[in-house]
Amino acid sequence: MEKISDFFKVRIDFDQSHLFFPTIVEWVLVVLMLAIVVTHGRHWVARWRETPLGARIRAWEIDKRRLFGCLTLTPVYFAVMEPVGTIYPNTGVGFLLTSYVYGFALSWLFVHDNNRRKTLLMALNALVTPTVVWFVFAHIFRITLP
Amino acid sequence: MDAILSSLDVTYFLLVTLGTVIGILFGAIPGMTATMAVAVCLPMTYALDLNHGLALLLGLYVGGISGGLVPAILINIPGTPSSITTTFDGYPMTKNGEPEKALKLGIASSLFGGLFSAAVLFYFAPTLADWAIKFSYVEKFLIILFALTVIASLCKSLLVGIFSGVLGMWVSLFGVYNMSTGGNGELRIVPEFLSPWLENGFSLLPLLIGLFGLSVIFEEAQKGVHDEHAESVKLAARKRFQWSVFKGQVTNLVRSSSIGTFIGMLPGVGGSAASVLAYSQAKNFSKENDKFGTGHPPGVIASESSNNGLTGGALIPLLSLGIPGDSTTAVLIGAFTLQGIQVGPLFIGENQTTWDVMMIGLVAANLVMFLVMWFAIRHIAKVITVPKYLLYPGIMMMCVVGAYAINSGIMFDVWTLLIFGLFGFVGAKLGLEIAPFIIGFILGPSAEVYFVKSLESFGTLSIFFTKSPIAVFLWVLIALSVGYSIYSHRKNKRLTPSGK
């Protein structure tokens, strides 16, 4: 009986206590991952054999232009914002200027059957929306923007 | 009383109204949810005090859930996941020439569900908090464990659900082991070269905004951002709404609102589960169950009263235990954190004014939602026609503002937005469950403190089983939620042997 209670005893070294819980969580993740592979693995293999990867990716209906365009534009927008903002620091101009360009580019990327009316709308939206957001947050709410 | 009255100024009610209107508009646009509304509009609260900030957020929450009924009824597309069952009878009513009747039926039912759940919240949350105050770290850890198993048990796969929750917990442990909670101040998980940015781990709000804002836009981009419903919506009103439609529906209203409130109390369980359960119960108990799905008003009543019943219900575990009831209330935790207030068993007792003001805000949001939607439904319906190529750039900008400003100008928070936007997008493709991930992320640091401190105090793992009758009771609940999940998955497998 003594030995069973010893089995549950735990002593946590304070110097290493920052690793105690994360290590347990990591082990639980590994065990769960193995359990998922064991329980779902057969189904995955069967699906893999049934439909090749290429066919399954095609079935996802990826709009490559819009998805990869958005995935490229967004990091560029984030990356450029701060350097532009250093030109006029603490004014939010980095956000404002890059948002004009990004706003129009994203709309242009997403629109279908573009025409002059839509282009005008997109340009207007790209000008008005960032200006309103910038004015409300940077000037009325006095919130820091890049 | 003076403190309450001083918070309830004109600005307070204007913010409730503003939040509700924006929420309704978000809810009415298919693909945008109440959670997205709260996450994207969160930066608007940075300049407000807690009570005024909550006024806006509660309005967004109630409006966001309610707005989903508009496209569900008019174009057969649920504006939010919680209005999925509204399409079953709401859209057939529109096809039968009764769109206005269906909309007003849904609006009135939403008001009933919202007020019902607010009443339950008002009476039940303080009682639960009083009970939870007596919990030691052991019971608090088990409550978190229970919350995770409940969320996971309602996922498509129990294992994947638990995995997602534990993954969220792991991500929350990035950075130093906080000395203010008894940690040793040492860095863990994060490589040394990333320590300047991740010393305090990932910020909650950029993570949430990324998961609910950016990932939705990436998902839409993948599908091609179609605006196939951009044609104008007209409310032909051959049959006008009459209150007599509620005759004999009191039981349905109360039952559905109760289901919504109860489901809301379960951590991480979304509104779609509430409305599906309420709808199926309304159908099962009805003498005219063959009429469901053909434009039968009780179907709309069940769906809408239950999904609005969720709002008050989801706030119960948040305000009494510190555990978010759904993904939207998880974002609300961010608003509290921002103001330096920790939600949990002590919250109501220590912040009586905020609690009272919140309750008034919740009731006001429901009333505003009713008035706005009732009298302006024809105009609100037009929001469905706003093209997404004009909406998404603005949403993206709001996401950036929210992330950048949260820690007063840290660019890494904007990159966090992108990291978790991508994670949400790719994770969903891989089958990861986002709701448990978020709950795990939010509760991870507390779970660590409760677990480690319990072991430091008692020195044995057996304490988690033997500390008190409550601990044993919580283990029974954990076993029941896991058992229920295994049972329901096996039952579903039996019903669909091909696994399709």
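Which one is surrounded by the most Cβ atoms within 10 Å (Cβ to Cβ) among residues in the range B:365-409 that are free of Cβ contacts under 8 Å to residues at least 60 places away in the same chain and within 14 Å of another protein chain (Cβ to nearest Cβ)?
Of all residues in the range B:365-409, those free of Cβ contacts under 8 Å to residues at least 60 places away in the same chain come to B:371, B:375-376, B:379, B:390, B:393-394, B:397, B:400, B:404, B:408-409.
Pick out the ones that are also within 14 Å of another protein chain (Cβ to nearest Cβ) and you get B:390, B:393-394, B:397, B:400, B:404, B:408-409.
Details: B:L390: 21, B:P393: 26, B:G394: 21, B:M397: 25, B:V400: 30, B:Y404: 28, B:S408: 10, B:G409: 16.
Among those residues, the one meeting the criterion is B:V400.
Just the residues that are more than 10 Å from chain B (Cβ to nearest Cβ) and either surrounded by 12 or more Cβ atoms within 10 Å (Cβ to Cβ) or within 18 Å of A:H139 (Cβ to Cβ) (or both), please, taken from the range A:79-93. Working first, answer last.
First pass over the range A:79-93, keeping only residues more than 10 Å from chain B (Cβ to nearest Cβ): A:80, A:83-84, A:86-89, A:91, A:93.
Selection gives A:V80, A:V84, A:Y88, A:P89, A:T91, A:V93.
Only one of (1) closer than 23 Å to B:L148 by Cα; (2) loosely packed, with under 15 Cβ neighbours inside 10 Å; (3) among the hydroxyl-bearing types (S, T, Y) fails for B:S457. Which number is that?
Looking at each condition in turn, B:S457 falls short on (1).
Out of all the residues in the range A:58-78, is one or more surrounded by 12 or more Cβ atoms within 10 Å (Cβ to Cβ), of a type in the set (D, E) and farther than 30 Å from B:V166 by Cβ?
Yes: one or more hits.
Of the conditions (1) of a type in the set (S, T, N, Q); (2) over 12 Å from A:A126 (Cβ atoms); (3) surrounded by 15 or more Cβ atoms within 10 Å (Cβ to Cβ), A:T98 satisfies every one except a single condition; which number is it?
Going through the list (1) of a type in the set (S, T, N, Q); (2) over 12 Å from A:A126 (Cβ atoms); (3) surrounded by 15 or more Cβ atoms within 10 Å (Cβ to Cβ), A:T98 breaks only (2).
Scanning for something part of a helix (DSSP H, G or I), aromatic (F, W, Y) and surrounded by fewer than 24 Cβ atoms within 10 Å (Cβ to Cβ), does the range B:90-103 turn up at least one residue? Steps first, please.
Quick first cut of the range B:90-103, residues part of a helix (DSSP H, G or I) only: B:90-95, B:99-103.
Retained after the next criterion (residues that are aromatic (F, W, Y)): B:91.
Subset that is surrounded by fewer than 24 Cβ atoms within 10 Å (Cβ to Cβ): B:91.
Yes, the range B:90-103 contains at least one residue that is part of a helix (DSSP H, G or I), aromatic (F, W, Y) and surrounded by fewer than 24 Cβ atoms within 10 Å (Cβ to Cβ).
Looking at B:L158, B:L173 in this structure, which one is within 27 Å of B:Y484 (Cβ to Cβ) and either crowded, with 23+ Cβ neighbours inside 10 Å or over 18 Å from the mean Cα position of the chain (by Cα) (or both)? Reasoning before the result, please.
Details: B:L173 fails: within 27 Å of B:Y484 (Cβ to Cβ).
Exactly one residue qualifies, and that residue is B:L158.
Quick one: which helices (runs of 4 or more DSSP H) lie wholly within the range B:269-353 and hold at least 1 residues that are in contact with an Asp or Glu (Cβ under 9 Å, 6 or more places away or on another chain)? First the steps, then the outcome.
Numbers: elements: B:271-285, B:297-321, B:327-338, B:347-350.
Here the list reads B:271-285, B:297-321, B:347-350.
Being β-branched (V, I, T) and in contact (Cβ under 8 Å) with a residue 24 or more places away in the chain is the filter; apply it to the range A:106-146 and report the residue that is farthest from the other protein chains (Cβ to nearest Cβ). Step through it out loud before you land on a result.
Taking the range A:106-146 and keeping what is β-branched (V, I, T), we get A:111, A:119, A:128-129, A:131-133, A:136, A:140, A:143-144.
From the residues that got through so far, the ones that are in contact (Cβ under 8 Å) with a residue 24 or more places away in the chain too are A:129, A:131, A:133, A:144.
Numbers: A:T129: 4, A:T131: 11, A:V133: 5, A:T144: 4 Å.
Among those that are β-branched (V, I, T) and in contact (Cβ under 8 Å) with a residue 24 or more places away in the chain, it is A:T131.
Looking at (1) modelled with pLDDT of 90 or more; (2) surrounded by fewer than 24 Cβ atoms within 10 Å (Cβ to Cβ), which is the only condition B:G63 fails?
With (1) modelled with pLDDT of 90 or more; (2) surrounded by fewer than 24 Cβ atoms within 10 Å (Cβ to Cβ) applied to B:G63, the lone miss is (2).
Restrict the check to the range B:369-390 and report whether at least one residue is among the β-branched types (V, I, T) and not in a helix (DSSP H, G or I). Even if it seems obvious, please write down each step before you answer.
Taking the range B:369-390 as the starting set, the residues that turn out to be among the β-branched types (V, I, T) are B:372, B:377, B:380, B:383-386.
Still in the running and not in a helix (DSSP H, G or I): B:386.
Yes, that holds for at least one residue.
Quick one: would you say A:G103 is touching a residue at least 24 places away in the same chain (Cβ under 8 Å), under 21 Å from B:M411 (Cβ atoms) and not hydroxyl-bearing (S, T, Y)?
Details: touching a residue at least 24 places away in the same chain (Cβ under 8 Å): yes; under 21 Å from B:M411 (Cβ atoms): yes; not hydroxyl-bearing (S, T, Y): yes.
So A:G103 fits the description; yes.
When you scan the range B:143-162, do you find a residue that is under 30 Å from B:V400 (Cα atoms), more than 14 Å from chain A (Cβ to nearest Cβ) and not hydroxyl-bearing (S, T, Y), even just one?
Scanning the range B:143-162 turns up at least one residue that is under 30 Å from B:V400 (Cα atoms), more than 14 Å from chain A (Cβ to nearest Cβ) and not hydroxyl-bearing (S, T, Y).
Mind checking which residues of the range B:133-147 are closer than 25 Å to B:G459 by Cβ and either modelled with pLDDT under 85 or touching a strand residue (DSSP E or B) at 6+ places or on another chain (Cβ under 6 Å) (or both)?
Of the range B:133-147, the ones closer than 25 Å to B:G459 by Cβ are B:134-146.
Across the range B:133-147, the qualifying residue is only B:K134.
Before we move on, is A:R42 basic (K, R), surrounded by fewer than 15 Cβ atoms within 10 Å (Cβ to Cβ), free of Cβ contacts under 8 Å to residues at least 12 places away in the same chain and more than 24 Å from B:L167 (Cβ to Cβ)?
Values: basic (K, R): yes; surrounded by fewer than 15 Cβ atoms within 10 Å (Cβ to Cβ): yes; free of Cβ contacts under 8 Å to residues at least 12 places away in the same chain: yes; more than 24 Å from B:L167 (Cβ to Cβ): no.
No; evaluated as a whole, the condition is false for this residue.
Among the numbered criteria (1) part of a helix (DSSP H, G or I); (2) at pLDDT 85 or above, which one does B:L48 miss?
(1)
Answer yes or no as to whether B:P206 is crowded, with 19+ Cβ neighbours inside 10 Å and at pLDDT below 85.
Details: crowded, with 19+ Cβ neighbours inside 10 Å: yes; at pLDDT below 85: no.
For B:P206, the condition - crowded, with 19+ Cβ neighbours inside 10 Å and at pLDDT below 85 - is not met.
Being surrounded by fewer than 22 Cβ atoms within 10 Å (Cβ to Cβ), part of a loop (DSSP other than H, G, I, E, B), at pLDDT below 90 and within 28 Å of the chain's Cα centre (by Cα): is that true of B:N184 here? If you could, list the steps in order and put the result at the bottom.
Working: surrounded by fewer than 22 Cβ atoms within 10 Å (Cβ to Cβ): yes; part of a loop (DSSP other than H, G, I, E, B): yes; at pLDDT below 90: yes; within 28 Å of the chain's Cα centre (by Cα): no.
It is false that B:N184 is surrounded by fewer than 22 Cβ atoms within 10 Å (Cβ to Cβ), part of a loop (DSSP other than H, G, I, E, B), at pLDDT below 90 and within 28 Å of the chain's Cα centre (by Cα).
Go through (1) surrounded by fewer than 21 Cβ atoms within 10 Å (Cβ to Cβ); (2) in contact with a Ser or Thr (Cβ under 8 Å, 6 or more places away or on another chain) and name the single condition B:V331 misses.
Among (1) surrounded by fewer than 21 Cβ atoms within 10 Å (Cβ to Cβ); (2) in contact with a Ser or Thr (Cβ under 8 Å, 6 or more places away or on another chain), the lone unmet condition for B:V331 is (1).
Go through the range B:356-388 and report how many residues are among the hydrophobic types (A, V, I, L, M, F, W, C) and within 15 Å of B:H52 (Cβ to Cβ).
Kept after step one, since they are among the hydrophobic types (A, V, I, L, M, F, W, C), are these residues of the range B:356-388: B:357-360, B:362-365, B:367-377, B:380-381, B:383-384, B:386.
Now drop any that are not within 15 Å of B:H52 (Cβ to Cβ), which leaves B:357-358, B:360, B:362, B:364-365.
So the answer is 6.
Only residues that are surrounded by fewer than 24 Cβ atoms within 10 Å (Cβ to Cβ) and more than 9 Å from B:F425 (Cβ to Cβ): list them for the range B:210-224, please.
B:E220, B:K223, B:G224
Could you list, in sequence order, all residues of the range A:1-57 that are within 10 Å of another protein chain (Cβ to nearest Cβ) and of a type in the set (G, A, S)?
The answer is A:S5, A:S17, A:A35, A:A46.
Kindly indicate the residue of the range B:462-474 that is surrounded by 15 or more Cβ atoms within 10 Å (Cβ to Cβ) and assigned to a helix (DSSP H, G or I) and also farthest from the other protein chains (Cβ to nearest Cβ) among those meeting that condition.
The qualifying residue farthest from the other protein chains (Cβ to nearest Cβ) is B:I470.
Being on the phi < 0 side of the Ramachandran plot and either outside the structural domain of A:L124 (by TED's automatic domain parsing) or not in a helix (DSSP H, G or I) (or both) is the filter here; which residues of the range A:87-104 pass it? Full working, then the answer.
Going through the range A:87-104, the residues on the phi < 0 side of the Ramachandran plot turn out to be A:87-89, A:91, A:93-104.
A:I87, A:Y88, A:P89, A:T91, listed by residue number.
Kindly indicate whether any position in the range A:32-42 is under 33 Å from the mean Cα position of the chain (by Cα) and either of a type in the set (F, W, Y) or closer than 19 Å to B:S457 by Cβ (or both). First the steps, then the outcome.
Start the filter on the range A:32-42 by keeping residues that are under 33 Å from the mean Cα position of the chain (by Cα), which leaves A:32-42.
Imposing the further condition that a residue be either of a type in the set (F, W, Y) or closer than 19 Å to B:S457 by Cβ (or both) reduces the set to none.
No, the range A:32-42 contains no residue that is under 33 Å from the mean Cα position of the chain (by Cα) and either of a type in the set (F, W, Y) or closer than 19 Å to B:S457 by Cβ (or both).
The values are calculated or read from the model by the stated rules, or taken from the named source; none is laboratory data. Source: prediction; values computed, not measured. Don't worry about glycine lacking a Cβ; one is built from the backbone with ideal geometry, like all the others, and counts go over all protein chains shown.
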